[in-house]
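Below is one structure, written out as structure tokens, with a few remarks after it.
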């Protein structure tokens with residue numbers, strides 16, 4: 001991983017490849033490269049460590065001629081982030097170049113075999129086995145009398161792919177077939193954009209948005225040959241496929257920072273808009289009491305569901321934990337949240353009448369997609385219809401792999417999010433769970449119509465509350481950030497529905513400021529973590545009026561007694577005078593509070609990282625869309 005762009009057409013490829021890679025920069029990367037081939041068969045490969053500007057300077061200085069090419073931004077998995085490990089990788093004779101996302105799990109065995117045959121590897125990557133394997137297959141075919149062509153390259157790649165174990169999206173060019181580009185995918189995203197006499201392939205829609213809105217998403221296991229004459233698409237068995245293209249939905253696939261210093265700050269400020277759009281779509285005025293929230297599902301979707309399991313990773317998992325609290329405590333449905341990365345290897349026993357929800361911002365998270373696929377497979381094998389697979393995806397990308405894998409999608413509609421650290425998409429995921437909780441509560445009778453209506457009315461007030469909160473804390477958090485100049489450890493505390501917000505607050509701080517931070521249930525503080533506390537370890541405590549308010553204040557007192565600097569996320573009032581610093585939030589019902597308490601912590605983390613002069617939008621070692629296990 002992390003970003004692929006590939007092009008074949010009649011115009012110089014390098015400028016469009018670089019522009020496509022720029023649109024994928026938000027995904028996070030540590031090196032970049034491209035390879036182009038001219039109509040005379042001259043293959044040029046240029047790579048650079050670090051930011052894309054380094055590659056752009058190299059292309060400008062050395063040139064990369066040709067109308068067919070491949071480009072890549074790499075997030076290191078196998079091998080350090082060095083130029084020799086950057087993509088594209090080439091065969092020994094230099095005639096084949098490959099870019100790849102994903103992980104080739106059996107690369108060590110393949111590498112050993114290739115080295116035994118005399119191949120000398122130039123990198124530490126798993127990807128480099130691919131050009132050597134393709135080159136060897138092409139050499140065999142040419143020796144058998146085949147003529148160089150795009151079809152020859154296609155067939156060579158089709159022969160090699162069954163040898164590769166793992167997940168991949170890849171693009172291949174060959175100097176002897178300069179007008180041909182072969183692309184393939186297995187468990188990693190890849191889309192083909194259709195232009196006029198030009199075809200662009202990319203791992204994410206922003207790279208396509210400035211080129212075309214007509215796309216052909218590749219299905220799992222498919223291989224395609226692209227040339228100026230058209231697209232030939234084949235399934236994993238080599239059978240030619242005929243499928244109509246689709247149109248990119250939405251209008252904001254191209255990122256615009258506007259007047260903000262960083263995309264992350266812009267996206268925090270967009271959360272009121274995210275909430276307003278959600279309210280207008282799912283809580284329009286005039287809904288009947290029998291249907292207090294408008295979700296895109298019929299009654300058959302809800303019928304007979306007795307329990308829910310949620311699969312997610314990272315920030316999405318924190319949203320899922322809030323969702324589980326709502327589904328259990330508000331809607332009365334037993335709900336379990338699983339790390340998607342662990343679920344495949346230690347799944348719980350099957351239970352009947354279960355809805356499985358996969359939560360992934362990008363719709364491409366490899367761990368979540370794989371866990372959903374495994375769960376569907378084991379349920380389909382069960383003879384009892386009560387155990388049948390029932391799956392829902394919650395995502396910000398309705399045109400993603402997730403939408404092609406599960407039968408039901410809940411689009412959070414947050415718009416493109418460029419900052420690697422999720423903010424507005426977290427709010428969108430939370431709101432999705434509020435909608436599901438209200439819908440299930442209506443059908444289960446766990447809450448009265450008046451209680452459900454009260455929550456709906458509170459959610460309608462949310463956009464204005466978020467607007468005021470963002471404006472207030474953008475200034476307050478900036479003023480507080482300088483006190484963290486020497487901080488190395490921070491503890492976040494929450495209870496009940498706000499415990500996941502403590503986890504999310506700690507994650508945001510870790511991701512962008514590189515300060516070690518941990519989130520704990522406030523009541524667990526005295527069971528070990530309190531040993532960490534002294535005057536150098538700030539404690540951020542989420543305390544909102546409700547069932548555990550007094551308990552949280554008591555836990556905060558325990559931290560204060562150990563000389564910790566105490567920062568409260570709480571409504572202003574006499575009860576919160578114990579905090580050294582207060583990040584105030586409106587006094588709302590405990591149910592609604594996570595949507596508000598997260599905002600001060602997002603802004604505090606942002607301003608701490610910005611104050612330190614760090615790369616807020618693309619923090620080190622992280623990627624926006626994690627397409628490897």
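Semi-axes, largest first, in whole Å: what does sqrt of 5 times each Cα gyration tensor eigenvalue give for region 173-227?
Numbers: eigenvalues 63, 50, 14 Å².
Result for region 173-227: semi-axes of 18, 16, 8 Å.
From a point 7 Å beyond the Cα of residue 123 in the direction of its Cβ, which residues of region 41-56 have a backbone N at a distance under 19 Å?
Correct set: 43-56.
What percent of all Cα-Cα pairs in region 263-611 falls into each 20 Å bin, going from 0 up to the bin containing the maximum distance?
Computed distribution, short to long bins: 31, 58, 11, 0.
Which of the three applies to region 118-194, rounded, prolate or oblate, going by the alpha-carbon gyration tensor with a ≥ b ≥ c and a/c under 1.5 meaning rounded?
Values: a/c = 1.80, a/b = 1.13, b/c = 1.59.
Oblate, since a/c reaches 1.5 and b/c is not below a/b.
With each label point set 7 Å from Cα along the Cα-Cβ vector, what nm distance links residue 489 and residue 140?
Calculated label separation equals 5.8 nm.
Roughly how many whole Å is it from the C-alpha centroid of region 475-512 to that of region 52-130?
The distance from the Cα centre of region 475-512 to that of region 52-130 comes to 39 Å.
For residue 232 and residue 214, calculate 0.36 nm times their separation in residues minus their Cα-Cα distance, and state this gained length in nm to one decimal. Can you show the working numbers first?
Numbers: separation 18, 0.36 × 18 = 6.48 nm, distance 1.62 nm.
Gain on extension, residue 232 to residue 214, equals 4.9 nm.
Dimensions of region 1-119 along principal axes (Cα, Å, largest first)?
The Cα atoms of region 1-119 stretch 40, 35, 22 Å along the principal axes, largest first.
Would you mind classifying region 2-247 by shape? Square roots of the alpha carbon gyration tensor eigenvalues, ordered a ≥ b ≥ c; an a/c under 1.5 is rounded, otherwise it is prolate if a/b is larger than b/c and oblate if not. Mind dumping the intermediate values first?
On the way: a/c = 1.29, a/b = 1.06, b/c = 1.22.
Cα axes put region 2-247 in the rounded bin.
Taking the number of other C-beta atoms within 10 Å as the exposure measure, put 520, 168 in order starting with the fewest.
On the way: 520 22, 168 25.
Starting with the residue having the fewest Cβ neighbours, the order is 520, 168.
Kindly put 473, 269, 482 in sequence by how many other C-beta atoms sit within 10 Å of each C-beta, fewest to most. Don't jump to the answer; show the numbers that get you there.
Details: 473 24, 269 19, 482 10.
Least crowded to most crowded, the residues run 482, 269, 473.
On a C-alpha basis, how far is the centre of region 535-608 from the centre of region 339-410 in Å? Whole number, if you could?
Region 535-608 and region 339-410 have Cα centres spaced 36 Å from each other.
How much length, in nm to one decimal, is gained on full extension between residue 106 and residue 301, taken as 0.36 nm per residue of separation minus their Cα-Cα distance? Don't skip to the end; give the middle numbers.
On the way: separation 195, 0.36 × 195 = 70.20 nm, distance 4.03 nm.
Going from the current span to full extension adds 66.2 nm.
Between residue 482 and residue 451, how many nm apart are label points set 7 Å from Cα along the C-beta direction?
The two pseudo-label positions are separated by 4.9 nm.
log10 I(q)/I(0), Debye, Cα-only the chain, no solvent, q = 0.05 Å⁻¹?
For the chain at q = 0.05 Å⁻¹, log10 I(q)/I(0) is -0.24.
Stick to Cα atoms and the Kirkwood definition of Rh, then tell me Rg/Rh for region 458-587. Walk me through the intermediate numbers first.
Details: Rg = 14.2 Å, Rh = 15.0 Å.
Value, to two decimals: 0.95.
Would any residue of region 389-404 have its amide N under 19 Å from a label point 7 Å out along Cα→Cβ of residue 350? List them or say none.
389-392
For a label point 7 angstrom out from the Cα of residue 342 toward its Cβ, which stretches of region 371-391 have the backbone nitrogen within less than 16 Å?
Once the point is set 7 Å along Cα→Cβ of residue 342, 371 turn out to lie under 16 Å by backbone N, inside region 371-391.
What percentages, rounded to whole numbers, describe P(r) for region 181-269 computed over all alpha carbon pairs with 10 Å bin width beginning at zero?
Here the calculated profile for region 181-269 is 16, 42, 24, 13, 5, 0.
Go ahead and estimate [θ] at 222 nm for the chain from helices alone: -39,500 (n - 2.57) per DSSP H run with n ≥ 4, summed, over the residue count, rounded to 500.
Numbers: 18 runs with 220 residues, N = 629.
My calculation for the chain gives -11000 deg cm²/dmol from helical runs alone.
In whole percent, what relative contact order does the chain give with Cα contacts below 8 Å and a gap of six or more residues? If you can, show how the numbers build up before the last one.
Numbers: 1401 pairs, mean separation 79.7, N = 629.
13 percent.
Bear in mind these aren't lab numbers, they're just calculated from the coordinates by the rules spelled out. The structure presented is a predicted model; accordingly, all values stated were derived computationally and were not measured. Cβ atoms come from the backbone with ideal geometry, glycine included; neighbour counts cover every protein chain shown.
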